[in-house]
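Below is one structure, written out as structure tokens, with a few remarks after it.
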Amino acid sequence: MSSRREKKVEYAKRLTALFEEYDQIMFVGADNVGSHHMQQIRQKIRGKAVLLMGKNTMIRRVIRMGFMEKFGEVIPRLEGNVGLVFTHGSLSELRDELLELRVGAPAKAGVIAPSDVVVPAGDTGLEPTQTASLQQLNIATRINKGQIMILNDAQIITKGNKVGASEAALLQKLNIKPFSYGLSCVAVYDHGSVYDADVLAITDDDIIAKFSQGVLNVACVSLQIGLPSVASIRHSLANAYKNVLSIALATELEFEQCKELKALLNDPEALAAAMAAGSGAAPAAETGADETSKAEEEEEEEEEEGMFDMFG
């Protein structure tokens, strides 16, 4: 009994030290993670983060004893088989590293499926005598070159449902490991804020795209209701310039920016020449490049002929 109490005291001291040192905590689900796999994860993240598993009641007790102000929001997240990963580094990079450490696992009868399972169409390598196991699951098959062939992709397990004995046996025969297990991030504590793990998947590009869309929406609303804003001012100025230019071209009004355009419109020959020059600029550039390359090729040929003449 004393030994158990000493372990609890030691655990509380260690957790207290970690709470005092770190301001970033990742809550990870540890369902179906074996001890050997857990040891591999600890070795992989050593030096970058600290993984601490333990009873949720002990973690809650330590928080209530002296960290309610700092970690009070953490308590509702302590449900199920949850571990704490403390780090000073990037939470996004740590999450990606934990995802890489997931390992494939077979489907066992009675477990809750973490994802849908689809058996792909094609040859199975099973002998024709084993068609009953597939027909039992309503999978369309036929015999092809002495083995069972599945005609269409067939979903045999649905996420959130229990895996049946027939499904588990078939997947084992087909040597399919449909599930992967490891530490999965479920929530994050970051300097006083608690948020879901999905936030870690947001990149800088996503933030810029959302911000740009928001600025565009503000500009559209401002233009529609006629209320200028920082987002819409450049569009308002551009539209105003177009209106003034249109009036100047249709009347005798003239200002510095429209003189050249009015002169072109009043002189059809000059306008045609300008349009021809614009359309011919690109072909002329291509022709010049072709002529240059041809001249270089001729020079190389002359040099090669001279070399042959020198050596007879």
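The values are calculated or read from the model by the stated rules, or taken from the named source; none is laboratory data. Quantities reported herein were computed from a predicted structural model and do not represent experimental measurements. Surface areas here come from the heavy atoms of the whole protein model, side chains and all, with no ligands, DNA or RNA. Shrake-Rupley method; radii C 1.70, N 1.55, O 1.52, S 1.80 Å.
Assorted remarks:
- Per residue, in Å², the accessible surface of region 58-152 once ligands and nucleic acids are set aside, probe 1.4 Å: 56
- Pair-distance profile P(r), taking every C-alpha pair of region 113-192, with 5 angstrom steps and integer %: 3, 13, 23, 21, 13, 8, 6, 4, 3, 3, 2, 1, 0
- Rg/Rg_ref, region 93-132, where Rg_ref = 2.2 N^0.38 Å and atoms are Cα: 1.80
- Reduced Cα scattering model of region 1-135, Debye log10 I(q)/I(0), q = 0.11, 0.19, 0.22 Å⁻¹: -0.56, -1.23, -1.47
- Nearby lysines by direct alpha-carbon distance to Lys262 (threshold 27 angstrom, same-chain neighbours under 8 apart not counted): Lys242
- Crossing angle, helix 56-66 versus the chain [Cα axis fit, 0-90 degrees, rounded to tens]: 70
- P(r) weight above 17 Å for region 134-266, C-alpha pairs, percent: 79
- For the chain, the Kirkwood estimate of hydrodynamic radius, built from reciprocal distances between every pair of different alpha carbons, is 28.4 Å.
- Here the translational diffusion coefficient of region 60-153 follows from Stokes-Einstein with Rh set to the Kirkwood radius across Cα pairs; for 20 °C and 1.002 mPa s it amounts to 116 µm²/s.
- Rounded if a/c under 1.5, otherwise prolate or oblate - region 125-172, Cα gyration tensor axes: prolate
- √(5λ) per eigenvalue of the Cα gyration tensor, region 180-251, largest first, Å: 47, 13, 8
- Inter-centroid distance (Cα atoms) of region 1-26 relative to region 212-258, Å: 64
- Fraction of accessible area attributable to carbon and sulfur, the chain (%, probe 1.4 Å): 53
- The calculated pair-distance distribution of region 1-80 uses every alpha carbon pair, bins of 5 angstrom beginning at 0, and gives 3, 12, 23, 24, 21, 14, 4, 0 percent.
- Against the main long axis of the alpha-carbon atoms of the chain, helix 2-21 sits at an angle near 10°.
- Rg of the Cα atoms in region 46-90, relative to 2.2 N^0.38 Å, amounts to 1.21.
- Calculated [θ] (222 nm, deg cm²/dmol) that DSSP helices of n ≥ 4 give over the chain, each run adding -39,500 (n - 2.57): -17000 deg cm²/dmol
- Within the same chain, lysines fewer than 8 places from Lys162 are excluded, and of the rest, those with a Cα less than 20 Å from its Cα are Lys108, Lys173, Lys177.
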